[in-house]
Amino acid sequence: MRDMVMLPREQDENSREYAYRVLRENIITLHIRPGEMLNENAVADALSVSRTPVREAFFALRKENMIDVRPRSTSIVSLINLNTLRQGIMIQVMAEMEIMRLLCGNLDDWLIERWRHNLKLQEEAIASPGKLRSYLALDDEFHRLAYVAARKANLYRIAKTLSSQLDRLRYLLLLEGSIEYANGFAQHREIFVRMLAGVYGDFASLYLPHRMGVEKFIPDIAARHPEYFDKPSGHDRRMDRLEKLIREARA
Amino acid sequence: MKLLVDDPCRKESESGSAFAYRVLRDNIMRMRLEPGEVLNEPLLAEELGVSRTPVREALFHLKDDKLVEIHPHRASIVTLIDFAFVREGYFTRTVVEPMVTGLACDFLNAGVIAALEDILAGQEQVLDSNGDTNRFHALNQQFHQTIYEAGGMQELWNSVTAMTTHYDRLRYFEVIADRNDFRGAWQGHKALLRAMQEDVAAVPAIARAQIFDIENIEEYIAPPNRRYFLHMDV
């Protein structure tokens with residue numbers, strides 16, 4: 001916990017929300033590493049809040065599988081579970097392929113405006129060094145807007161929770177340069193252009209690499225950081241099968 | 001209030017709050033506790049034979065499921081069935097289930113097939129004896145859960161379940177349930193299990209066809225019952 005980064009408290013935020021946000025932020029940016037012990041009292045002291053909101057924040061993070069509770073009520077930051085992570089990718093791909101089909105050619109003015117603005121911020125973020133975290137937040141926002149526009153805001157929240165393991169992996173891959181921001185940004189722009197023009201076409205060929213591209217880096221990154229992963233594993237053949245199923249469903 | 005307890009015995013390993021959660025959730029899903037009903041914590045604690053703290057914890061879990069609204073310093077109430085959330089739940093099932101069932105075909109083994117066949121046999125028994133439709137629904141849930149688990153997709157099942165709390169409640173709603181063709185559903189699931197073993201390419205479409213359709217369902221809800229619902233399209 002000695003590398004924990006403090007964040008200023010927002011005005012409308014209660015202690016529980018604050019504790020949750022700071023902890024989650026530190027976990028996904030690997031400032032608190034997978035396997036590291038977390039102490040409720042120490043967190044409460046560091047954030048100047050009482051123990052109850054910290055305990056509630058721990059509880060919420062446990063539900064997201066970000067924290068494991070070990071015997072004698074010690075908590076550790078969970079190791080990245082690759083099976084859960086793959087299920088996060090699955091729900092995103094399954095839901096978003098259809099959400100994008102629904103939106104294609106039917107974009108509301110507000111969505112066009114918000115996407116344009118979001119893409120502009122993404123472009124600025126990738127041009128400035130050290131903006132990794134803001135890029136990831138903008139990436140999430142790009143996708144969240146699609147769910148909201150399709151009246152699927154609850155599904156966004158559930159899918160986001162299931163794919164929380166993915167946040168740490170994406171951060172690690174970007175940090176170590178395995179994947180490039182510029183690619184993700186270019187894909188977002190291409191998605192926007194297609195949605196605006198109403199050309200769904202062979203959307204799978206654009207979207208599957210965008211959402212499932214991380215898969216091919218998993219064996220390598222898990223081998224390089226075995227201490228971060230729960231039961232490191234190689235390639236998951238379910239992901240190939242899923243690609244095939246999605247392509248067939250659209251055929 | 002008179003809770004209905006299917007499996008009244010608190011299981012050995014079950015904590016007070018897990019027990020309270022299980023029983024309350026079941027009662028809400030089956031409309032034994034009606035949408036809009038006020039929940040009295042001390043009374044619930046007494047009926048369940050647990051103290052108030054586990055009841056309060058159970059209510060917080062139910063709030064996450066969107067089944068209960070908690071108003072601090074006031075009463076907790078069972079949420080109305082929100083059609084916006086029903087439609088989202090339906091959407092979730094339609095996009096996830098065909099793919100998951102397709103993926104699970106690679107993981108079928110004798111044990112999984114036997115478990116699925118047992119569930120179908122249990123459903124047939126309910127049908128032949130004109131038995132409890134809630135039992136039929138419960139077996140249906142088990143059938144799908146078994147498929148998710150076979151493919152190692154337990155967490156995905158949990159997410160879909162969290163998305164469908166209002167959709168499932170609607171299905172249990174008496175008037176809607178009466179429209180349900182239970183034997184047809186059972187035959188559909190039998191066909192699905194067969195395709196999973198013999199005709200994998202046909203699986204997603206068959207799985208899609210098993211999902212209870214909610215198109216135009218609002219029309220079948222009689223005006224007096226509309227007080228249970230939010231965001232209806234009629």
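Worth pointing out:
- Residue list for the stretch B:182-206, filter: under 17 Å from the mean Cα position of the chain (by Cα), at pLDDT 95 or above and of a type outside the set (Phe, Trp, Tyr): B:HIS189
- Filtered by the rule that a residue be touching a strand residue (DSSP E or B) at 6+ places or on another chain (Cβ under 9 Å) and either in a helix (DSSP H, G or I) or under 22 Å from A:SER134 (Cβ atoms) (or both), the stretch A:27-39 gives A:ILE27, A:ILE32, A:ARG33.
- Scan of the stretch A:24-55 for residues that are under 22 Å from the mean Cα position of the chain (by Cα) and among the charged types (D, E, K, R), ordered by number: A:ARG24, A:GLU25, A:ARG33, A:GLU36
- Index of the failed condition, A:LEU206 passing every other in (1) touching a residue at least 12 places away in the same chain (Cβ under 8 Å); (2) within 13 Å of another protein chain (Cβ to nearest Cβ); (3) surrounded by fewer than 19 Cβ atoms within 10 Å (Cβ to Cβ): (2)
- B:VAL86 buried (at least 18 other Cβ atoms within 10 Å of the Cβ), touching a Leu at 6+ places or on another chain (Cβ under 6 Å), part of a helix (DSSP H, G or I) and not aromatic (Phe, Trp, Tyr): yes
- Inside the stretch B:36-77, residues that are touching a helix residue (DSSP H, G or I) at 6+ places or on another chain (Cβ under 7 Å) and assigned to a helix (DSSP H, G or I) make up a count of 13.
- Only helices (runs of 4 or more DSSP H) whose full extent lies in the stretch B:155-234 are considered here, and the ones with at least 3 residues that are away from chain A (no Cβ under 14 Å) and surrounded by fewer than 16 Cβ atoms within 10 Å (Cβ to Cβ) are B:174-179, B:182-198.
- In the stretch A:174-188, of all residues being more than 15 Å from the chain's Cα centre (by Cα) and in a loop (DSSP other than H, G, I, E, B), the one that is surrounded by the most Cβ atoms within 10 Å (Cβ to Cβ) corresponds to A:SER178.
- Residue within the stretch B:107-115 that is within 13 Å of chain A (Cβ to nearest Cβ), of a type outside the set (A, V, I, L, M), part of a helix (DSSP H, G or I) and crowded, with 21+ Cβ neighbours inside 10 Å present: no
- Residues of the stretch A:157-173 classified as within 11 Å of chain B (Cβ to nearest Cβ) and surrounded by fewer than 19 Cβ atoms within 10 Å (Cβ to Cβ), total: 1
- So A:LEU155, is it aliphatic (A, V, I, L, M), within 25 Å of B:TYR90 (Cβ to Cβ) and in a helix (DSSP H, G or I): yes
- Filtered residue count, the stretch A:237-251, keeping only those that are more than 9 Å from chain B (Cβ to nearest Cβ) and buried (at least 18 other Cβ atoms within 10 Å of the Cβ): 1
- Selection status of B:TYR172, in contact with a Lys or Arg (Cβ under 6 Å, 6 or more places away or on another chain) and either within 30 Å of B:LEU80 (Cα to Cα) or aliphatic (A, V, I, L, M) (or both): yes
- Every residue from the stretch A:70-91 that is within 14 Å of chain B (Cβ to nearest Cβ) and surrounded by fewer than 20 Cβ atoms within 10 Å (Cβ to Cβ): A:ASN81, A:ASN83
- Every residue from the stretch A:48-64 that is surrounded by fewer than 18 Cβ atoms within 10 Å (Cβ to Cβ) and either in a loop (DSSP other than H, G, I, E, B) or in contact with a Phe, Trp or Tyr (Cβ under 6 Å, 6 or more places away or on another chain) (or both): A:SER48, A:SER50
- Flag if A:GLY234 is of a type outside the set (Ser, Thr, Tyr), more than 20 Å from the chain's Cα centre (by Cα), loosely packed, with under 13 Cβ neighbours inside 10 Å and farther than 24 Å from B:CYS105 by Cα: no
- Test for B:ALA104: is it under 30 Å from A:LYS152 (Cα atoms) and free of Cβ contacts under 8 Å to residues at least 24 places away in the same chain: no
- Long-range neighbours under 8 Å by Cβ, at least six apart or interchain, first residue surrounded by 15 or more Cβ atoms within 10 Å (Cβ to Cβ) within the stretch B:124-137, second part of a helix (DSSP H, G or I) and of a type in the set (S, T, N, Q): B:VAL126/B:THR133; B:PHE136/B:GLN123
- Of the residues making up the stretch B:63-80, those that are buried (at least 20 other Cβ atoms within 10 Å of the Cβ) and within 14 Å of chain A (Cβ to nearest Cβ) number 2.
- All positions within the stretch A:137-148 that are of a type in the set (A, V, I, L, M), surrounded by fewer than 21 Cβ atoms within 10 Å (Cβ to Cβ) and away from every other protein chain (no Cβ under 13 Å): A:ALA137, A:LEU145
The values are calculated or read from the model by the stated rules, or taken from the named source; none is laboratory data. Computed from a prediction, not measured in an experiment: that's the story for all the values here. Note that we place each Cβ from the backbone using ideal geometry, even for glycine, and neighbour counts take in every protein chain shown.
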